[in-house]
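The values are calculated or read from the model by the stated rules, or taken from the named source; none is laboratory data. In this text, all values refer to a predicted model and were calculated from it rather than measured experimentally. Every residue, glycine among them, receives a Cβ derived from its backbone with ideal geometry; neighbour counts consider all protein chains shown. Side chains included, ligands, DNA and RNA excluded: accessible areas come from the protein's heavy atoms. Shrake-Rupley method; radii C 1.70, N 1.55, O 1.52, S 1.80 Å.
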Amino acid sequence: TELVFEECMVPAGALIGEEGRGLRIALESIDKSRVSVAAQALGIATAAYDEAVRYARERRAFDKALGQMQAIQWMLADSATELEVARLLTYRAAWLLDHGNLAIRESAMAKLFASESAGHICHRAVQIFGGYGYMMDSPMQRYFRDAKLTQIYEGTSEVQRMVIARDLLR
């Protein structure tokens with residue numbers, strides 16, 4: 001919904017921050033909220049990964065569990081590794097924010113890596129589930145869509161790369 005305020009007067013006591021710094025305050029809050037998006041991506045990826053591991057243990061094909069097949073093992077190993085790195089980046093950025101740091105680069109790194117990893121992990125999980133992973137009654141299709149959303153809002157992956165590079169090069 002669009003809201004338009006024309007000639008709106010805000011009493012001084014209702015201002016958040018200093019007058020004229022509204023955009024800067026909004027941008028700083030986006031920087032902080034990126035860690036929340038990273039945590040959301042981490043949760044989505046964890047759910048998809050846990051379901052994929054469960055399914056690989058239970059589902060049998062060619063007289064053995066899917067998890068005994070090397071291709072499935074490698075998908076799970078890659079997912080476990082990405083999940084752990086995403087977790088560490090997210091926790092580090094959150095810790096820095098909790099301790100009063102702006103953590104602009106760290107928040108962008110956490111959001112970028114966690115959301116991209118969630119996409120990779122969900123993609124692999126759908127592959128492990130096969131056709132069932134694509135069906136609407138499978139939780140995998142929802143995880144897959146939700147993971148994609150974390151790559152878009154609070155700044156796309158491309159925006160995160162610009163934020164990181166700008167901070168590195170200043």
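Region 97-145 and region 52-75 have their alpha-carbon centroids 21 Å apart. To the nearest ten degrees, helix 22-58 and the longest principal axis of the Cα atoms of the chain are 10 degrees apart. Per atom type, the chain shows carbon and sulfur on 58% of its accessible surface, probed at 1.4 Å. Compute the angle between helix 139-150 and the longest alpha-carbon principal axis of the chain, please, reported from 0 to 90 degrees and rounded to the nearest 10. The helix 139-150 is inclined about 30 degrees to the chain. Roughly what angle does helix 157-169 make with the longest principal axis of the chain, taking Cα atoms, 0 to 90 degrees, to the nearest 10? Once rounded, the angle reads 60 degrees.
Considering only Met140, Ala94, Met9, and ranking their Cα positions along the charge dipole of the chain that arises from unit charges at the beta-carbon of Lys, Arg, Asp and Glu, the one farthest toward the positive end is Met140.
To the nearest 10, the accessible area of Cys8 is 70 Å² with a 1.4 Å probe. On a straight-distance basis, which lysines could pair with Lys32 in a cross-link, Cα separation under 23 angstrom, same-chain partners fewer than 8 positions away excluded? Reachable lysines: Lys111, Lys148. The chymotrypsin sites (Phe, Trp or Tyr not before Pro) of region 1-97 that meet both conditions, a loop assignment by DSSP and at most 16 other Cβ atoms within 10 Å of the site Cβ, are Phe5, Phe62.
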